[in-house]
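Only one structure is covered here, and it is reproduced in the block below.
None of the figures in this text is laboratory data; all of them are computed from the coordinates on show. Predicted, not measured: the structure shown is a model, and the values here were computed from it. In this analysis, Cβ positions are derived from the backbone assuming ideal geometry, glycine residues included, and neighbour counts consider all displayed protein chains.
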Amino acid sequence: MDPRAENRLTFLGTGTSQGVPLIGCHCPVCRSDDPRDKRLRTSALITLHGDNFLIDAGPDFRQQMLTHHVENLRAILLTHEHVDHIFGLDDIRAFNWIQKRPADIYAERRVHTAIRRIFHYVFARWRYPGIPQMELHDVSDLPFRIGNAEFTPIRCFHHKLPVLGFRTGDLTYLTDVNAIPEKEMKKIRGTRMLVVNALRHEKHISHFNLEEALRLIEEISPRYSYLTHLSHSLGKHLDVEKTLPGNVFLAYDGLSVTL
Ligand SMILES: [Zn+2]
Ligand SMILES: [Zn+2]
Ligand SMILES: [Zn+2]
């Protein structure tokens, strides 16, 4: 940990639940050789005062940690319990080993219940040697601190499923969202950087499509916005980005921005 390190947001994955390319798909996006069209499952690393905070740990977690040489995690924040956001958690074993302590996982209680069910062996009375160690921390709708960092949870909806977005300082990160109650919008206003999901062009039952994401961006009017959790049906990175307003960008895997 280096407290002088720059505060950054790094996109580790920007793809929807199946990733891009999709297995067996021969569409131009899935066949594209632009590396920005290769999207692992959505996850991001926020580095604040030298501490790494991971948002979501999907099935590509291991690869994302290796690619970005992440060897230390202060905490993992989970938006919700869908497979593409939590199924990498078994691989936190490596961090348990390096950091000599359980992984601190922040999520709401319903997500804890899912984790206890899916990773039941972690919480069993008799534990197989070498299994992951997790310490689950409750997140309500109130701001919470982890070390020197403060996070404000933002209650959003993923169709009917309540999910959490997170704001820290001037950054707001929202994924798997297609509705935000008005009182939660107050928590987002004034944010300088907004990350929001924009699945595709057509309407979707539980994700903002591009038009809806752009409408939110217009309403919040942040300095910079990045779109994530993208499907192959949105189009090629280069083609889509040309159509966006000047301060709105498609995120891509490996993009890292200063906060
Ligand atoms: Zn998702
Ligand atoms: Zn495709
Ligand atoms: Zn989801």
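Of the residues 59, 12, 130, the one whose Cα sits farthest towards the positive end of the charge dipole of the chain is 130 (charges of +1 on Lys and Arg Cβ, -1 on Asp and Glu Cβ, taken about the Cα centre). Taking the inverse of the mean 1/r over every pair of distinct Cα atoms in the chain gives a Kirkwood hydrodynamic radius of 18.5 Å. Rounded to the nearest 20, the size of the Cβ-charge dipole of the chain about its Cα centre is 480 debye, with Lys and Arg at +1 and Asp and Glu at -1.
In percent, rounded to a whole number, the relative contact order of the chain is 20, using alpha-carbon pairs under 8 Å and six or more apart. Extension gain, residue 90 to residue 135, is 14.9 nm, computed as 0.36 nm per intervening residue step minus the present C-alpha separation.
The amide H of residue 134, built 1.01 Å from its N in the peptide plane, has 103 as neighbours under 5 Å, considering only residues 5 or more places off or on other chains. Measuring r between the beta carbons of residue 97 and residue 18 and using R0 = 25 Å, the FRET efficiency lands at 0.25. Applying 1/(1 + (r/R0)^6) with r as the Cβ-Cβ distance of residue 49 and residue 144 and R0 = 22 angstrom yields a FRET efficiency of 0.85.
Taking Cα atoms only, the orientation of helix 210-220 departs from the longest principal axis of the chain by about 80 degrees. Between 81, 219, 184, the GNM of the chain built on Cα springs shorter than 10 angstrom shows 219 fluctuating the most. What do you get for the angle between helix 109-118 and the principal long axis of the chain? Use alpha-carbon atoms, 0 to 90 degrees, nearest ten. Long axis of 109-118 versus the principal axis of the chain: about 70 degrees. Across the stretch 161-226, Cα-Cα distances exceeding 17 Å account for 34% of all pairs. For residue 221 and residue 179, a Förster radius of 25 Å and the Cβ-Cβ distance give a FRET efficiency of 0.80, rounded to the nearest 0.05.
Dipole magnitude for the stretch 44-87: about 120 debye, using +1 per Lys or Arg Cβ and -1 per Asp or Glu Cβ, origin at the Cα centre.
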